[in-house]
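The values are calculated or read from the model by the stated rules, or taken from the named source; none is laboratory data. Please read these numbers as outputs of a predicted model, since none were measured by experiment. As a convention, Cβ positions derive from the backbone with ideal geometry for all residues, glycine included, and neighbour counts pool all protein chains shown.
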Amino acid sequence: MPLSKRLFLLLWSNKTRVTMKKTILAISAICLFGISCQNESSHDDGHAHASMILEDKFNNNCETVRRYLDALQTETADYSMFAKDFYRLNTAFLAKDDTISLNDFIDARTDFWANYNAEMISEPVLLPGVFGETGEPNGSVRHYSEWRLTSKGADSKEPKEATIKLYESFDFNDEGKISINMVYGDFSAMFQYLNS
């Protein structure tokens, strides 16, 4: 075989190998890109699904908070929305205990209803609570509202009325029951006025 023909075949086979390598590299790159896009989509789908579950949990917890607020106004004793290990952080001035148990909460609520009427005078603002470490929503509910409290005028005293703005938070257990509650407002001044 003449040298020119051998060189041609050698160059042709090298050119074919280079072309095949380029083709294989191009196909591999396309496949890797496609796989990475699918993984990203799968991750996004998983995140969207988790967000949807958390949003449903938050919405359900908001309904529980609305029932809680309605019960306070209508003097309806429905404690089924509370976990058995429920406690309220005691935010009162000079509080003797850091927390209030469910039984003590029920006793205080009964005493409250015996002496006062409560009416929410603003639409409640319900917001999602977050994990302090990450800032990610955790299903808890934060609540802002304004209330009108009226003393019932016991001991021949005239009924008095006062308004108070509240911030309240509700944490929930896995069964959707209120497990921890905190409420902030100027209760000391309000009750001092109403009882004077």
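The lone criterion from (1) charged (D, E, K, R); (2) closer than 22 Å to Q73 by Cβ; (3) touching a Ser or Thr at 6+ places or on another chain (Cβ under 6 Å); (4) surrounded by 14 or more Cβ atoms within 10 Å (Cβ to Cβ) left unmet by K177 is number (3). Within the stretch 81-95, restricting attention to residues that are assigned to a loop (DSSP other than H, G, I, E, B) and touching a residue at least 24 places away in the same chain (Cβ under 8 Å), the residue that is surrounded by the most Cβ atoms within 10 Å (Cβ to Cβ) is M81.
Of the residues making up the stretch 96-120, just one is among the charged types (D, E, K, R), surrounded by 14 or more Cβ atoms within 10 Å (Cβ to Cβ) and within 21 Å of K160 (Cβ to Cβ), namely R109. Inside the stretch 139-178, residues that are among the acidic types (D, E) and touching a Phe, Trp or Tyr at 6+ places or on another chain (Cβ under 9 Å) make up a count of 1.
Filter the stretch 137-168 for residues that are exposed (fewer than 12 other Cβ atoms within 10 Å of the Cβ) and of a type outside the set (S, T, N, Q) and give the result. Matches in the stretch 137-168: G153, A154, D155, E158.
Could you look through the stretch 180-192, keep only residues that are among the hydrophobic types (A, V, I, L, M, F, W, C), closer than 18 Å to T99 by Cβ and surrounded by fewer than 17 Cβ atoms within 10 Å (Cβ to Cβ), and pick out the one that is modelled with the lowest pLDDT? Per the criteria, the residue is F187.
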